[in-house]
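Q: I'd like to ask some things about the structure below.
The values are calculated or read from the model by the stated rules, or taken from the named source; none is laboratory data. Being a predicted model, the structure only gives us computed values, none of them experimental. Virtual Cβ from ideal backbone geometry, glycine too; neighbours counted across all protein chains shown.
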Amino acid sequence: MELFYKIIFYISGFIIIWAMIGYPVSIKMIGKLYKKRKLKKDYSFQPTVTVMVVAHNEEKVILDKLRNIIELNYPKDKIEFLVASDNSTDKTNEIVSQFKSENPDYKVKLYEVKTRKGKTNAQNEAQKTVSTDYLIMTDANSLMERNSVKELMAAFTSVDIAYVSGRLSIVNQNASDVSNAEGSYWDSDMSIREIESRIQTITAGNGALYACRTKDYYDFNPIQSHDSSMPLFYALRGKRAIANHDAIAYEKAGEIVEDEFGRKVRMNRIILKQILPDLKILNIFKYRWFSYFYFGHRTCRYLLWISHLVVLLSNALLIPESLFYSITFTSQVLFYFLALVKIITKSKNKYLTLIYYYCVTVIAQWFGVYNILTGKAKPFWEKAESTR
């Protein structure tokens, strides 16, 4: 049995270390080999576009969002605006309708989803009313930089590029320990995505800002999210999903742990399927770098919840074997203890905050798995008020 414990200890330990240290370091080293490869842009490419905003009870932010998108720097005769209201029961629809009547010079449409089934379903329904060549999707609480549409369109320089993701910029990063940790995570992840994009294709986008060809749109299951599903969908079909981080959307991160924790639980509502959604990903001869990217950036991260449990339990059983296992077990216990210290003392120490934030992320994965196994995973959620 000792051999079995050692095997699962080292495999689980490898997954954790590779996800959090090995892959980020390796991708930066690989990126240096491709440093001469730059993102191509063609600013003369200005097709017709629809900016879609999905909203559910967003009366607090929808007016600011509408004012923001009509100020986008893009030819007025080539841009339309579509609000997909996911069965809103507050004043969202009323505000959009009034804005539409007060701004007749802009092509603003409201699509009302009759039964709330979540963001992806609202996108699926509303997309069928779109007649423009391209579709840009953005969240109701995200404010787009004026040139963001031009930037997204400029990146569609070849037919194999099916998806372009913008950059999410956290505007309240210094508001709290939680938002600071989330901002630090996004800064790190954006740098990884930039390299993946430059080499071949990204493994995930972000809901704040992204674009695709209308004809390439696919009706995903409502339980799925475009953030994780779209880049994977296109990559498996030999197309590219890339990042243009000059296209920027500004958004607030959750300022309290409950808000950010709830968001992460929602993100993990199909985590079991995301670990290895298709065996074809393993075919490195066909998918080349994408196989490596997905394993390191997605598969290993989606396995953190079980890897931490297995490495802790197997380590405990191996303590009698040698001093090494005593040290590794003590280190793990100390790591979790430091997270508790952060909770109890409410310390502002950035290292304690990062440890605590990481533990919250792993626990959120466990909640996601629990919801899946108990049938409680759902395609919609209650928004985090501190992000509005």
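Q: Given (1) surrounded by fewer than 22 Cβ atoms within 10 Å (Cβ to Cβ); (2) farther than 21 Å from Asp216 by Cβ, identify the lone condition not met by Thr92.
A: The single condition Thr92 does not satisfy is (1).
Q: Which one of the conditions (1) free of Cβ contacts under 8 Å to residues at least 12 places away in the same chain; (2) over 24 Å from Ser184 (Cα atoms); (3) surrounded by 13 or more Cβ atoms within 10 Å (Cβ to Cβ); (4) β-branched (Val, Ile, Thr) does Thr374 fail to meet, given that it meets all the rest?
A: The single condition Thr374 does not satisfy is (3).
Q: Restricting region 179-205 to residues that are within 19 Å of Lys32 (Cα to Cα), in contact with a Phe, Trp or Tyr (Cβ under 9 Å, 6 or more places away or on another chain) and charged (D, E, K, R), which is surrounded by the most Cβ atoms within 10 Å (Cβ to Cβ)?
A: Per the stated criteria, the residue is Glu196.
Q: Okay, next question. Residue by residue through region 338-373, note down the ones that are over 23 Å from the mean Cα position of the chain (by Cα) and of a type outside the set (A, V, I, L, M, F, W, C).
A: Result: Lys342, Thr345, Lys346, Ser347, Lys348, Asn349, Lys350, Tyr351.
Q: May I pose another question? Return the residue satisfying two criteria in turn: it lies in region 1-42 and is of a type in the set (Lys, Arg) and surrounded by 15 or more Cβ atoms within 10 Å (Cβ to Cβ), and of such residues it is farthest from Leu303 (Cα to Cα).
A: Lys41
Q: Given the conditions (1) in a strand (DSSP E or B); (2) touching a Lys or Arg at 6+ places or on another chain (Cβ under 6 Å), report the number of the one that Asn73 does not fulfil.
A: Of (1) in a strand (DSSP E or B); (2) touching a Lys or Arg at 6+ places or on another chain (Cβ under 6 Å), only one is false for Asn73: (1).
Q: May I ask you to list the residues in region 137-178 that are of a type in the set (Val, Ile, Thr), touching a strand residue (DSSP E or B) at 6+ places or on another chain (Cβ under 9 Å) and surrounded by fewer than 23 Cβ atoms within 10 Å (Cβ to Cβ)?
A: Once the filter is applied, which keeps residues that are of a type in the set (Val, Ile, Thr), touching a strand residue (DSSP E or B) at 6+ places or on another chain (Cβ under 9 Å) and surrounded by fewer than 23 Cβ atoms within 10 Å (Cβ to Cβ), region 137-178 yields Ile161, Ile170, Val171.
Q: May I pose another question? Mind checking which pairs have a first residue in region 340-356 that is free of Cβ contacts under 8 Å to residues at least 12 places away in the same chain and a second that is hydroxyl-bearing (Ser, Thr, Tyr) and in a helix (DSSP H, G or I), Cβ under 8 Å, 6 or more apart or different chains?
A: Qualifying pairs under 8 Å: Ser347/Thr353.
Residue-wise test of (1) part of a helix (DSSP H, G or I); (2) among the aliphatic types (A, V, I, L, M); (3) at pLDDT below 95.
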residue	(1), (2), (3)
Gly205	no, no, yes
Tyr218	no, no, no
Ala243	no, yes, no
Ala247	no, yes, no
Glu258	yes, no, yes
Phe261	yes, no, yes
Arg269	no, no, yes
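Q: Of the residues Asn87, Asn93, Asn68, which single one is touching an Asp or Glu at 6+ places or on another chain (Cβ under 9 Å), over 30 Å from Arg301 (Cα atoms) and in contact (Cβ under 8 Å) with a residue 24 or more places away in the chain?
A: Selected residue: Asn87, the only one of Asn87, Asn93, Asn68 that is touching an Asp or Glu at 6+ places or on another chain (Cβ under 9 Å), over 30 Å from Arg301 (Cα atoms) and in contact (Cβ under 8 Å) with a residue 24 or more places away in the chain.
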